[in-house]
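Student: Once you've had a glance at the structure underneath, I'll fire off some questions.
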Amino acid sequence: MASLRKKTLAIIGATLIGLIVVLFMSSQVIITNSFVYLEQEELKKDVQGARNSLYSEMENLEKKTVDWAVWDETYYFVHKPDQKYIESYLMDETFINQRFDFALFYNSSGKLVYSKAVDIHEEIEIPPPQGIISHLKDNSYLLEHQNSESKKTGMLYVDDATIIITSQPIITGYDNSSIGGIVLMGRFLEKEEINILSEKNNLALNVYYAEDPTELLSNPDLQLDSGEYVYVNPINENVIYGSVVLKDIYGEHVMVLDVGIERSIYVHSKATMAYFVMILLISGCVFGIVTLSLLENSYLSRLNKLNDDIKSIGESQDFSRRIFEEGDDELSNLIVSMNKLLESLEESEDLVSKRDATIQAIIQAMPDMVFQIKKDGTICNYKLSTDECLYESPDMPLDIKIDDVLPNDIAAKELETIDEVLRTGKMQTMQYQLPVKGEIRYFEVRIVVSGEDEVMSVVKDITEIKLAEDARKKDILLKEIHHRVKNNLQVISSLLRLQSKKFEDKEVIEAFKESQHRARSMAMAHESLYQSNDLENINLKTYVPTLVKYLVSSYGFSSDDIKIHINIKNIIFGIDTSIPIGLIINELVSNSLKHAFNEGTGEIKVELYPEKDEFILKISDNGIGFPEDMDFRETDSLGLQLVNSLVEQIEGTIELDRNNGTAFKIIFKELSYKRRDY
């Protein structure tokens, strides 16, 4: 019941957490986006104000310069400079009061007539701005005006300094069609000037030159009412900057105005979200506690009592007891159903007792051995046969495993069979043999499911049946060998011998002789089967040496002339593999005996050994070698054609090595023997 309570608490908790997370995420998106929008609108307004303030400064400078440009005294001064004009109108106080740092006067021919500069913050005269003067020599744009109404005002970046500058034509009050020269006045946007603009707008401002403002222009976030785009850059949780790219006096987007404001709206949004989360958590906790309390009083406590009652009945195994509960809800109906189930169990218990007694009597009457085995191989119960018992009755407890009483290989095989039975639910059988009282006995095991992760293993002694079956198999196989060897092979060999006597051509006689050898090699294989206790398989360790010695003798060689080296492991093949292997050895050894040794002496090696899941057959000689111009796969030789066909028959591959004589290497797998009963 505690588990159900934990699950209920976990479900309620997970539901509340999921609900809180969903509400928080959706609210965060809505509220945060709203505050972000408000913050950006505030930043947009402040950037627009700072931009307008900067342009207002440039307009004021332009208006003040107009007074100098249309003044007759200025017109006469650029044509004929005199000290009186300078002393009367170009005093330091004039620069300070008018708030421009420098003034440049050019005549109509573009020659600088007079220049002066004053540090309006330190209130001292400073050298004229040579950087600007040099810049004007190389860039005459500010010294060129098409008419008297022309005015050029803006920002200029020269010698690492940002300047607001205005250029206007000098005219007279009575004749504004004649341009007498150019007057340029400007102010350096240094730290003090930026501070004045910042205090005026109550903002953190900065104006600087950007060589490559591509990033700011290509990723704008806002657009001002004046048309410029703003790039928003939150520095941290307290300050956010808006950067706007402005044109300089030449119309190039190279001047950047940075406007920084405090993120009061953002801070307020964080506080709002914190309050909202706190309210969600408190509401969720209250709701969870109330819901869990209601569930506890209405269901969980009653379920806990029901669990205790059922557990008590289960432990006592007394199905005559009943559960009592008042009410008319689903839980009460469940208790009524449980009582009916107890009644059925009480009736079934009697039936099971009677059936168990019957089954027990049947098992005791069976002559076979019966074992009750767990999935892991533990023998939990057993009954031994009374006659020729495989095991003595153990004095040890029943908690033993099958590998304690069976050899490891048989125990492992039986465990695999048990797994298969438990997996499929179908009966499986297996057979094995064991030494009992000095003789080999054969047993058959039938395994069926008897419970959860449990099987019943019925072991039957089938020694007599097995011996009778083996005798019948041997009789059938002997008849089959007799049918093959006595009829087919002897008839073929006799026909070949009779036919060869009709010819005098050596090649024809040789062909008949080779065919007789092939028939003889197959006869030897059947002879090995007949003489073996295993009538289905041939031991190649005895078969191959006999075959090779026969070939050496049949071609007129002695053991002194031809040295035979045979290296064959204890390999046993079925007849379907042994006969092709014998024929291959017959052909290749015959080829060596016929063609390899011009001098009548040499060595022949025959090797057969396993390698991983395959077998390697090597037949080699140290003779004159296989002809270089001959392809053993494409040849008119019947023997080599037969070798290739037999290699294909056993699903193998063949390779030829012409180094140091001739060596054939054949890689193959054993074919499954398919018994044929006639």
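Student: Kindly indicate which of S115, S27, S88 is at pLDDT below 85 and of a type in the set (S, T, Y).
Tutor: Selected residue: S27, the only one of S115, S27, S88 that is at pLDDT below 85 and of a type in the set (S, T, Y).
Student: Can you tell which of V113, V118, V47 is at negative phi, in contact with a strand residue (DSSP E or B) (Cβ under 8 Å, 6 or more places away or on another chain), assigned to a helix (DSSP H, G or I) and surrounded by 14 or more Cβ atoms within 10 Å (Cβ to Cβ)?
Tutor: Only one candidate qualifies: V47.
Student: Right, next: Does any residue in the stretch 422-442 that is over 14 Å from V459 (Cβ atoms) come within less than 7 Å, Cβ to Cβ, of a residue that is among the polar types (S, T, N, Q) and assigned to a strand (DSSP E or B) six or more places away or on a different chain, and which pairs are these?
Tutor: From the stretch 422-442, the pairs are I440/Q433.
Student: Examine the stretch 62-80 for a residue that is under 60 Å from the mean Cα position of the chain (by Cα), of a type outside the set (S, T, Y), at pLDDT 90 or above and surrounded by 14 or more Cβ atoms within 10 Å (Cβ to Cβ), and state whether such a residue exists.
Tutor: no
Student: Does E587 satisfy the condition of being buried (at least 16 other Cβ atoms within 10 Å of the Cβ), in contact with a strand residue (DSSP E or B) (Cβ under 7 Å, 6 or more places away or on another chain), within 21 Å of Y543 (Cα to Cα) and modelled with pLDDT of 85 or more?
Tutor: So E587 fails the test.
Student: Same structure again: When the stretch 547-574 is examined, which residues are found to be under 28 Å from L671 (Cα atoms) and among the polar types (S, T, N, Q)?
Tutor: N567, N570
Student: Another one. Restricting to the stretch 158-181, name every residue that is under 18 Å from Y250 (Cα atoms) and in contact with a Gly (Cβ under 8 Å, 6 or more places away or on another chain).
Tutor: If the condition is that a residue be under 18 Å from Y250 (Cα atoms) and in contact with a Gly (Cβ under 8 Å, 6 or more places away or on another chain), then V158, D159, A161, I163, I164, I165, T166, P169 are the ones that fit.
Student: Another question, then. Would you be able to say whether some residue in the stretch 627-635 is hydrophobic (A, V, I, L, M, F, W, C) and either open to solvent by 20 Å² or more (accessible area, probe 1.4 Å) or outside any helix (DSSP H, G or I) (or both)?
Tutor: Yes, there is a match, as at least one residue in the stretch 627-635 is hydrophobic (A, V, I, L, M, F, W, C) and either open to solvent by 20 Å² or more (accessible area, probe 1.4 Å) or outside any helix (DSSP H, G or I) (or both).
Student: Determine if the stretch 319-326 includes at least one residue that is loosely packed, with under 10 Cβ neighbours inside 10 Å, modelled with pLDDT under 70 and under 30 Å from E420 (Cα atoms).
Tutor: There is no residue in the stretch 319-326 that is loosely packed, with under 10 Cβ neighbours inside 10 Å, modelled with pLDDT under 70 and under 30 Å from E420 (Cα atoms).
Student: Could you count how many residues in the stretch 619-648 are modelled with pLDDT of 90 or more and farther than 22 Å from I566 by Cα?
Tutor: Of the residues in that region, 3 qualify.
Student: Limited to the stretch 558-584, what total is found for residues that are open to solvent by less than 50 Å² (accessible area, probe 1.4 Å) and either within 16 Å of I619 (Cβ to Cβ) or assigned to a helix (DSSP H, G or I) (or both)?
Tutor: Selection size over the stretch 558-584: 13.
Student: Can you tell me how many residues in the stretch 430-456 are touching a helix residue (DSSP H, G or I) at 6+ places or on another chain (Cβ under 8 Å) and under 15 Å from D419 (Cβ atoms)?
Tutor: Looking only at that region, the number is 7.
Student: Another question, if that's okay. Considering every residue within the stretch 29-39, establish whether at least one is open to solvent by less than 40 Å² (accessible area, probe 1.4 Å), in a helix (DSSP H, G or I) and out of contact with any helix residue (DSSP H, G or I) (no Cβ under 8 Å at 6 or more places or on another chain).
Tutor: No.
Student: Filter the stretch 240-270 down to the residues that are of a type in the set (K, R) and without any contact (Cβ under 8 Å) to a residue 60 or more places away in the chain and list them by number.
Tutor: Of everything in the stretch 240-270, just one residue is of a type in the set (K, R) and without any contact (Cβ under 8 Å) to a residue 60 or more places away in the chain, namely K270.
The values are calculated or read from the model by the stated rules, or taken from the named source; none is laboratory data. Just so we're clear, the structure is a prediction, and the values are computed from it rather than from any experiment. Using ideal geometry, Cβ is built from the backbone for each residue, glycine included, and neighbour counts are taken over all protein chains shown. Accessible surface is based on the protein model in full, side chains and every heavy atom, while ligands, DNA and RNA are left aside. Shrake-Rupley method; radii C 1.70, N 1.55, O 1.52, S 1.80 Å.
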